[in-house]
Amino acid sequence: MVDKSNRYNLKIANPILLETFCSKKKKRFIFPILFASLFCFFLPLSIIPLLLTDEESDGFSGFIVFIIFFWIISYYLFKLYLWNKQGKEIFIIDNRSFSYYSDYGLFRNKVEHRNYSYIGVYFLYNSRLRRTSDAYDAFISKQKKEALIKTNSLIYFQLDDAPHRIVSQREIPILAILELGRRLDIMAYYRSVNEQNSF
């Protein structure tokens, strides 16, 4: 399932793969971030000639702190630029394992791996967290169902009884979240049947 606006890509297979992308609308406003990143990177370098020609200057150690401070800001802004330009988050869900990471194009975060016995998928609707397997139960009237599938939400994953849910950084259509949750429910059902038959 691929979104026409290129916000996500969902491959229902084994393993399940979900990728979220930056929307094209946000890409128009990212060049000021790149400019600020480059400014913070080159500003300390432009002051070096002034320090070298000033014989009375003894603030070189302060200048090192100044350089480090501005380069940290530059790194953060450049990372933000890459995230909004070509970054994507990737979730890989296998029968018993869950992996996720953020890919910035030039580099990516460390891949987080977690094993699970049970996985729940949730989305936000009317300011309440809803589970995908309950989506078409009594809490949604027939009139709201059509609006529901046209709405976007962050996706929340609950692995076993972990105290914190894993949350996507970008919204995707609730229709895609429902499809993902349905597929995981089917996988859980067949897994339980196979475990019962193995005894």
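The values are calculated or read from the model by the stated rules, or taken from the named source; none is laboratory data. What you are looking at is a predicted structure, and each value in this text was computed from that prediction instead of being measured. Reconstructed Cβ throughout: ideal geometry from the backbone, glycine too, with neighbour counts over all protein chains shown. The area values use the complete protein model at the heavy-atom level, side chains included, leaving out ligands, DNA and RNA. Shrake-Rupley method; radii C 1.70, N 1.55, O 1.52, S 1.80 Å.
Sorted by average packing, counted as other Cβ atoms within 10 angstrom per residue and highest first, what order do 38-45, 178-185 take?
Details: 38-45: 14.9, 178-185: 18.9.
Highest mean packing first, the order is 178-185, 38-45.
Ranked highest first by the average count of other Cβ atoms within 10 Å around their residues, in what order do 68-74, 11-17 fall? Let's see the in-between values first.
On the way: 68-74: 14.6, 11-17: 13.0.
The most tightly packed comes first, giving 68-74, 11-17.
In Å and on Cα atoms, what radius of gyration and Dmax does the range 73-114 show?
12.3, 41
Could you rank Val167, Val111 by how accessible they are, 1.4 Å probe, largest area first?
Working: Val167 60, Val111 40 Å².
Putting Val167, Val111 in descending order of accessible area: Val167, Val111.
Could you pull the accessible area for Lys150 with a 1.4 Å probe, rounded to 10 Å²?
Approximately 150 Å² of Lys150 is accessible to the 1.4 Å probe.
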